[in-house]
Amino acid sequence: MKWLFFLLILLFNLPASHAQETVKRTNKNLSFYTEKFEVLKSDKKIRHGLYKAVDSKDTLIAQGLYSQGKRIGHWVFYNYKGEPVQNYNYSNKKLYYYNPDDAKYLKYHFTDSVHQGDTVRYPVKIGGSYYGLNSFVNAQPNLVRTLTNDFPNTNQFPCDHIFTVSPEGKLIKHEALVTVNNTSKLYLVTDKEFDEDSKEFIPATVNHTTVECKVVMNVVVNVYSTLRR
């Protein structure tokens, strides 16, 4: 029934997205998945209409709608098994469904002190861990090249990807802390290829006030791919 509910939500939003003529596109990006979407026939740089993303095993990991280059309405995101883990509405900025197990491998560090007895809510990455955060972790060929130069003759690099999330829910800094042979080095990662929708979080709160927080994903980077530990 949950699958049917998500499908009906997407179909409900469909008519408004096709008011203009579109053409279909497929894009295998720098990350681990392939995008299938529509763009305006009059301006092929603008996404407009149905969107879905599948991983290397052709498992559906994201689907939703674009209107004039912006994500609108309900989007559904999935884990590596193809199970829905999140349903987020980009039009009203509300999270309608969230599976907390999706974030069980993440760690969090608040910029300001948190005291015993405080009511805490951790930030939530819109798009989930598999589609949302892994996109930033895997699409980093420049980081891999830098690591091979800084640590010659090393093929695997234990790494903490650190995402600093503002009180407004925006990704304001992305760093990678790499440790090889007891030597640690912190790198600033640029995410210029990602649009603003991809950088959205539901912000952390302490005592119902939004605050800055760091989200940490631990991975192993190797020369050919990035693997979660």
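The values are calculated or read from the model by the stated rules, or taken from the named source; none is laboratory data. Only a predicted model underlies this, so the values are computations on that prediction, with no experimental measurement involved. Here Cβ is always computed from backbone atoms with ideal geometry, including for glycine, and neighbour counts include all displayed protein chains. SASA here: full protein model, heavy atoms, side chains in, ligands and nucleic acids out. Shrake-Rupley method; radii C 1.70, N 1.55, O 1.52, S 1.80 Å.
Worth a mention:
- THR148 passes every criterion in (1) polar (S, T, N, Q); (2) modelled with pLDDT under 90; (3) farther than 27 Å from VAL54 by Cβ; (4) buried (at least 18 other Cβ atoms within 10 Å of the Cβ) apart from (4).
- Residue check, PHE77 closer than 23 Å to ILE202 by Cα, open to solvent by less than 10 Å² (accessible area, probe 1.4 Å) and modelled with pLDDT under 95: no
- Every listed requirement among (1) under 20 Å from the mean Cα position of the chain (by Cα); (2) open to solvent by 50 Å² or more (accessible area, probe 1.4 Å); (3) free of Cβ contacts under 8 Å to residues at least 40 places away in the same chain is met by LEU171 save one, (2).
- Region 20-31: number of residues that are within 24 Å of VAL137 (Cα to Cα), of a type in the set (S, T, N, Q) and more than 14 Å from the chain's Cα centre (by Cα): 2
- Residue within region 52-69 that is in a strand (DSSP E or B), within 17 Å of the chain's Cα centre (by Cα) and among the acidic types (Asp, Glu) present: no
- Cβ pairs under 6 Å, 6+ apart, first in region 95-121 and acidic (Asp, Glu), second open to solvent by 60 Å² or more (accessible area, probe 1.4 Å) and at pLDDT 95 or above: ASP118/ASN207
- Against the conditions (1) surrounded by 14 or more Cβ atoms within 10 Å (Cβ to Cβ); (2) of a type outside the set (A, V, I, L, M, F, W, C); (3) more than 15 Å from the chain's Cα centre (by Cα), THR34 satisfies every one except (3).
- Test: residue in region 105-115 that is at pLDDT 95 or above, open to solvent by 10 Å² or more (accessible area, probe 1.4 Å), under 15 Å from the mean Cα position of the chain (by Cα) and closer than 17 Å to ASP197 by Cα: no
- Exclusive hit being open to solvent by 60 Å² or more (accessible area, probe 1.4 Å) and on the phi > 0 side of the Ramachandran plot, set ASN207, ASN155: ASN207
- Taking every residue in region 77-91 that is touching a residue at least 24 places away in the same chain (Cβ under 8 Å) and closer than 16 Å to SER198 by Cβ and pairing it with any residue that is assigned to a loop (DSSP other than H, G, I, E, B) and of a type in the set (Val, Ile, Thr), at least 6 positions away or on another chain, the pairs with Cβ-Cβ distances below 6 Å are TYR88/ILE126.
- Residues of region 63-95 satisfying the condition of being in contact with a Lys or Arg (Cβ under 9 Å, 6 or more places away or on another chain) and aromatic (Phe, Trp, Tyr): TYR66, TYR80, TYR88, TYR90
- Region 72-88, residues that are part of a strand (DSSP E or B) and within 14 Å of the chain's Cα centre (by Cα): TRP75, VAL76, PHE77, TYR78, VAL85, GLN86, ASN87, TYR88
- Selection from region 37-66 of residues that are surrounded by 12 or more Cβ atoms within 10 Å (Cβ to Cβ) and small (Gly, Ala, Ser): GLY49, ALA53, ALA62, GLY64
- Test result for ASN218, touching a residue at least 40 places away in the same chain (Cβ under 8 Å) and either open to solvent by 40 Å² or more (accessible area, probe 1.4 Å) or not in a loop (DSSP other than H, G, I, E, B) (or both): yes
- Options LYS44, LYS70, LYS52: the member that is basic (Lys, Arg), modelled with pLDDT of 95 or more and under 22 Å from GLU193 (Cβ atoms): LYS52
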